[in-house]
Amino acid sequence: MTSADPFSMEIARHVWATRYRAPGESGIDASWQRVAQAIAAAESKDREQWAGRFYRLLDQFRFLPGGRILAGAGTGHRVTLFNCFVMGEIADDLVSIFDALKEGALTMQQGGGVSYDFSTLRPAGMVAAATGSIASGPVSFMHIWDAMCATMLSTGARRGAMMATLRCDHPDIESFVDAKRNAAALRHFNLSVQVSDDFMAAVAADRDWPLVFPVHEGEAAEGDVMQRRWSGTAAPVPCRVIRTVKARELWQRILRTAYDTAEPGVLFVDQINRENNLHDREMLTATNPCGEIPLPPYGACDLGSLNLTAFVDSPFTTGARLDLGALADSARMAVRFLDNVIDVSRYPLPAQAEQSRRTRHIGLGITGLADALVLLGLNYDSAGARTLAARAMQTLRDAAYRASIELAQEKGAFPDFASDAFLASGFATRLPEDIRDAIAAHGIRNSHLLAIAPAGTISLLANNTSSGIEPVFAAEAERRILGTDGGYHTHRVLDYACQLWRQRGEGLPPAFIEARQVDPDAHLLMQAALQPLVDNAISKTINVAPDIPFERFEHLYRQAHTLGLKGCTVFRPNLITGAILSQPAEVEQVHCCGLEREAD
C-alpha cells in the first residue's frame, strides 16, 4: 500500500470525497483497493493476483478508469459502471417515444448518461396518416427529455449528461440547430448535427440541398421521392422531399449558431462509418455526450485513460523521456481491466447488456498529454509534440490490440466477430501486419479498444493534470465544483506541471503554453495526428478567442472534414455559455459540457 498522501491539491481531495469515495473509505488508496477487488471478480482464477495487478495499475493515478467505475465498483449500489449509453431507436409513434423516455430515465437512475438520434421522428407539421394528428417535431419531444433529466438529477455532485443528434437532411434541422439560442432551453443536452460527405460536397459546390423524410407504410408517396438510407434502416428507403434549401446557407446557419452559442457540434458520419470496425453490421448515427464513442443502439461507454505524466522519466531535464515500454505494459493491463468491467457491471436495460456482451466494446485512451509535453520540454503546438503524441498513441494502439488478441485466445473472441469483415474496415487496414495476421488466426476479444475522452474530472482527481489531449487552460485558474449539497464551491487550482516546476523555483516551465496561446489550427493538427490511431473517436474542443473572425471559425470545420476527423467542436466564449474555466480575475460560467455532466 501507498503510505504518502497522493493528493497534492485540495481540489483533488474534494473531487474524490464528493464523487468517488465510498462510505468508510479514509483515503483514495482504499478506493483503489475496492475497485481492483471488484474488477478482479470477473476472473475465473487467481483473483487476488489480478486484484493486486489492477491496484498497481491504479496506484498514483497511472490509470484513471471512467468515473462510474471509480464511484460504483465494489460498493454494492445498484448502479452501472458505464459512463454513457447510446439509446435505442425511437420509433415514430407516441407509445415508442414515451417508452424511449422511460428507458432514458431508468438509465440515468443508475448513473448513465444517454444519447439519442432524433432523426426518426417526423418533422413538425407533417400529418400522421394513421391518426390524422399533426406532428410537433423532434425538438418538441427533446424538451420532454430535458425536463426528465432535470428532475432525475436535480441534486448531488453530478448532473445528467445527454446528447441529441439530427441528420443534416431532416426537415427540422434548422429548428434543431437554433434550439439553444434560447439560453434557458435544452440545458441538459449537447447537440450535434450528422453531417454527410454529400452535404459537404453540396456546400462546396453551392448546390441545393433536399430536406427529406421516409415515406411510412400506408402513406402516399406524393411529390419528389428519393432513396436514402435513413437512421434505423438497413438499406435505402423511399424518402419524400419536404422542401429544398441552399446547402451553403444551411451550413452557414449551423456554424453561425455554433459561433454564437458553442453548439451544435458536427459529426462527420460517413467517416465514422467508414472507419467502424463493425461497418458491415452497424450504421452509427450517434455518440456518447462528449463525442469520443460512436455507438449503435444500446451501446455502452466503457472508458479509461492512461495518465501520460505518470510515464515521464527525469522531467524538466535534457534526459526527459516518455517510457513507452511502461506505457505499453499498462495498456495491456488496462484492456483486461476494462474488458472485466463488461462482466461485473449492472446494466439498466437488458438490451444494453446484450449489446455490450455481443461486441465487448471498450475505450482506452490517454490524458495528461499537455502536461507530459511540458515535462518533456515540448511546446504543445509544435511538430515535435504531435510526433511524440502519435508515438504514444501508436504504442497504446498496438499494445491494446495485442492484449485483446491474447484475451481472445484465453477467454474467446467477442460473439459478433467475423474476421474478414473486421479486417476490411478502414481502421483495421492500417494495423501492423502481424496484428492483422493474429486477428485472422485467433480473433479478438473487443470490437473496439481506443478512445480519447475529455477526462476532466478524473484529471482533476489526479492533481489537476491536463485533460485528455487538450492544452493546459492556464497555469492558475478558478474552478467551481458542484458539491453533494447541490451548491458550487470555488477552488484555486494550479496546473500539475507547474506544481512540479515550482518545487524547483519560481516562474513557469520553459515549454509551458496556455490554451489561448495555441493557434486553432494547431488544435486540429493534434487531433488529426491521433485520429488515424484511434478506432473510436476523440473528444476535442478547439478553444478560440471571442474576436475570431467568422470566416476563420468556419474554416476550422471545413478543415476538420478535409483532415478526416470524425467530429468537430469549436468553443468561442459567448454570452449564452460563457467560459469553460476562469482565470482568477474572471467570473466563470459553466459550459454545457462542464465537469458536472461530462462523461467521466
With criteria (1) at pLDDT 95 or above; (2) within 30 Å of V15 (Cβ to Cβ), G88 comes up short on (2)
Checked Y488, Y496 against criteria (hydroxyl-bearing (S, T, Y) and at pLDDT below 95); the one match is Y488
Subset of region 341-354, residues surrounded by fewer than 23 Cβ atoms within 10 Å (Cβ to Cβ) and assigned to a helix (DSSP H, G or I), comes to D343, V344, P350, A351, A353, E354
Of those in region 170-187 that are touching a residue at least 60 places away in the same chain (Cβ under 8 Å) and buried (at least 22 other Cβ atoms within 10 Å of the Cβ), the residue farthest from the chain's Cα centre (by Cα) is P171
> Can you find a residue in region 12-29 that is closer than 14 Å to A462 by Cβ, in contact with a strand residue (DSSP E or B) (Cβ under 8 Å, 6 or more places away or on another chain) and part of a helix (DSSP H, G or I)?
Replying inline: yes
Within region 60-85, restricting to residues that are touching a Ser or Thr at 6+ places or on another chain (Cβ under 9 Å) and of a type in the set (K, R), the one that is modelled with the lowest pLDDT is R68
Conditions (1) surrounded by 16 or more Cβ atoms within 10 Å (Cβ to Cβ); (2) more than 22 Å from I272 (Cβ to Cβ); (3) of a type in the set (A, V, I, L, M) -> A205 fails only (1)
Output for Cβ contacts, cut-off 6 Å, separation at least six or different chains, first residue buried (at least 18 other Cβ atoms within 10 Å of the Cβ) in region 100-111, second among the β-branched types (V, I, T), reads A100/I90; G104/V114; T107/V114; Q110/V79; Q110/T80; G111/V79; G111/T80
Reported set for region 368-386 where residues are more than 23 Å from the chain's Cα centre (by Cα) and hydroxyl-bearing (S, T, Y) is S382
The number of residues in region 112-142 that are within 30 Å of P348 (Cα to Cα), surrounded by fewer than 18 Cβ atoms within 10 Å (Cβ to Cβ) and in contact (Cβ under 8 Å) with a residue 40 or more places away in the chain is 0
(message) Given the criteria under 30 Å from I458 (Cα atoms), among the hydroxyl-bearing types (S, T, Y) and surrounded by 20 or more Cβ atoms within 10 Å (Cβ to Cβ), does T165 qualify?
(response) yes
Residue count, region 92-129, condition more than 25 Å from the chain's Cα centre (by Cα), farther than 15 Å from S140 by Cα and of a type in the set (A, V, I, L, M, F, W, C), comes to 4
Result of the Cβ filter at 6 Å on region 439-460, keeping first residues that are free of Cβ contacts under 8 Å to residues at least 60 places away in the same chain and partners that are among the hydroxyl-bearing types (S, T, Y), at least 6 apart or interchain, is A440/S419; I444/S404
Checked pairs for region 396-425, first more than 24 Å from E354 (Cβ to Cβ), second surrounded by 23 or more Cβ atoms within 10 Å (Cβ to Cβ) and among the basic types (K, R), C-beta under 7 Å and 6 or more apart or across chains, list as A403/R336
Here the residues within region 467-496 that are part of a strand (DSSP E or B) and in contact with a Ser or Thr (Cβ under 6 Å, 6 or more places away or on another chain) are E478, R480
Going through region 261-275 in order, the residues found to be not aromatic (F, W, Y) and not in a helix (DSSP H, G or I) are A262, E263, P264, G265, V266, L267
Across (1) assigned to a helix (DSSP H, G or I); (2) exposed (fewer than 15 other Cβ atoms within 10 Å of the Cβ); (3) among the small types (G, A, S), A258 clears everything bar (2)
Q. Does S305 count as among the small types (G, A, S), in contact (Cβ under 8 Å) with a residue 24 or more places away in the chain and part of a helix (DSSP H, G or I)?
A. no
(1) surrounded by 18 or more Cβ atoms within 10 Å (Cβ to Cβ); (2) touching a helix residue (DSSP H, G or I) at 6+ places or on another chain (Cβ under 7 Å); (3) within 23 Å of G426 (Cβ to Cβ) all hold for E554 apart from (3)
Taking first residues from region 525-552 that are over 19 Å from G265 (Cβ atoms) and second residues anywhere that are of a type in the set (F, W, Y), the pairs with Cβ under 6 Å that are 6 or more apart or on different chains are D535/F427
Picking from L324, L369, L378, the residue that is closer than 30 Å to Q503 by Cβ and surrounded by fewer than 20 Cβ atoms within 10 Å (Cβ to Cβ) would be L324
The number of residues in region 547-596 that are of a type in the set (G, A, S), in contact with a Gly (Cβ under 9 Å, 6 or more places away or on another chain) and at pLDDT 55 or above is 2
Reported set for region 25-48 where residues are surrounded by fewer than 14 Cβ atoms within 10 Å (Cβ to Cβ) and out of contact with any helix residue (DSSP H, G or I) (no Cβ under 8 Å at 6 or more places or on another chain) is S26, S44, K45, D46
Going through (1) in contact with a Cys (Cβ under 7 Å, 6 or more places away or on another chain); (2) part of a loop (DSSP other than H, G, I, E, B); (3) aliphatic (A, V, I, L, M) one by one, L278 fails only at (1)
Going through region 161-203 in order, the residues found to be more than 24 Å from C149 (Cα to Cα) and either β-branched (V, I, T) or touching a Gly at 6+ places or on another chain (Cβ under 9 Å) (or both) are P171, V195, V203
For region 501-555, the count of residues that are assigned to a loop (DSSP other than H, G, I, E, B), closer than 22 Å to N463 by Cβ and more than 19 Å from the chain's Cα centre (by Cα) equals 12
Scanning region 303-328 for residues that are polar (S, T, N, Q) and either modelled with pLDDT under 95 or on the phi < 0 side of the Ramachandran plot (or both) gives S305, N307, T309, T317, T318
Residue pairs within 7 Å by beta carbon, gap of at least six or interchain, first lying in region 37-48 and in contact (Cβ under 8 Å) with a residue 40 or more places away in the chain, second among the hydrophobic types (A, V, I, L, M, F, W, C) and surrounded by fewer than 18 Cβ atoms within 10 Å (Cβ to Cβ), listed first then second, are A38/V344; I39/V344; A41/V344; A42/V344
Only unsatisfied item for V15, checking (1) of a type in the set (A, V, I, L, M); (2) closer than 30 Å to L369 by Cβ; (3) modelled with pLDDT of 95 or more, is (3)
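The values are calculated or read from the model by the stated rules, or taken from the named source; none is laboratory data. Remember, predicted model here, so these are calculated numbers, not experimental data. Don't worry about glycine lacking a Cβ; one is built from the backbone with ideal geometry, like all the others, and counts go over all protein chains shown.
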